[in-house]
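Engineer: My structure is below; once you've seen it, I'll send some questions.
The values are calculated or read from the model by the stated rules, or taken from the named source; none is laboratory data. None of the values given here were measured: they were computed from a predicted structure. Methodologically, a virtual Cβ is constructed for each residue, glycine included, from the backbone with ideal geometry; neighbour enumeration extends over all protein chains shown.
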C-alpha cells in the first residue's frame, strides 16, 4: 500500500495545486493530512485525489464545522488532533502536535519509545523527521506550505517495504 502523508498546508493553494496532481499520479491508496489544512476550500483540493482520505485537525484549523461537513460529504475521515488507525497491518498513531516544537517532539519521542505503535506520524513542527526508534518508525513529512523552512515537502510511505520518501514540491 502506498500512503501519501502531508501536514501544515496552511492554505498555500499554489503549492497544494502542484502537490495534488503529483499525489494522484503516484497512485496512493491513502492520503493522510496531519493537520493545519486551515480552510474547507483547501480540503476540497485534496479530495480531488480520489483515494481514501484521513484528516487530522491541527491547532490552526479554523472553520471546523465546514471542514467536518466537506469531509463527511466526500466520505473522508476527520479526527481531532490524534487518532490511532490500522494501516495495512501497521498500528499507526497519527497526531498533529501541540505547544512548542520541543514539546511536540518530547511527546513523539515518548510515544515512539513506548513501542506501542509500529508507526508514529506527526506534523506541527514544520520539520522533516524520518527515523526509527526501536521497532517504531517516526514520520513527519515537513511542511507542505513552505512558509517557515522555505521547503514544501510531503512524504510517500510504502507499507510493503516500510520505506519513506520525502518529495519536494517545486
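Engineer: Do you know which residues across the range 7-53 are touching a strand residue (DSSP E or B) at 6+ places or on another chain (Cβ under 8 Å), in a helix (DSSP H, G or I) and touching a residue at least 60 places away in the same chain (Cβ under 8 Å)?
Structural biologist: 19, 22, 23, 26, listed by residue number.
Yes/no matrix, rows are residues, columns are (1) under 22 Å from residue 53 (Cα atoms); (2) surrounded by fewer than 18 Cβ atoms within 10 Å (Cβ to Cβ):
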residue	(1), (2)
74	yes, yes
78	yes, no
81	yes, yes
89	yes, yes
92	yes, no
100	no, yes
116	no, yes
121	yes, no
124	yes, no
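Engineer: While we're here: Say whether the condition of being in contact with a helix residue (DSSP H, G or I) (Cβ under 9 Å, 6 or more places away or on another chain), under 13 Å from residue 3 (Cβ atoms) and not in a helix (DSSP H, G or I) is met by at least one residue in the range 148-158.
Structural biologist: Checking the range 148-158: at least one residue is in contact with a helix residue (DSSP H, G or I) (Cβ under 9 Å, 6 or more places away or on another chain), under 13 Å from residue 3 (Cβ atoms) and not in a helix (DSSP H, G or I).
Engineer: Can we say residue 110 is at pLDDT 95 or above, in a helix (DSSP H, G or I), farther than 16 Å from residue 157 by Cα and out of contact with any strand residue (DSSP E or B) (no Cβ under 6 Å at 6 or more places or on another chain)?
Structural biologist: Here the answer is yes, as residue 110 does meet what is asked.
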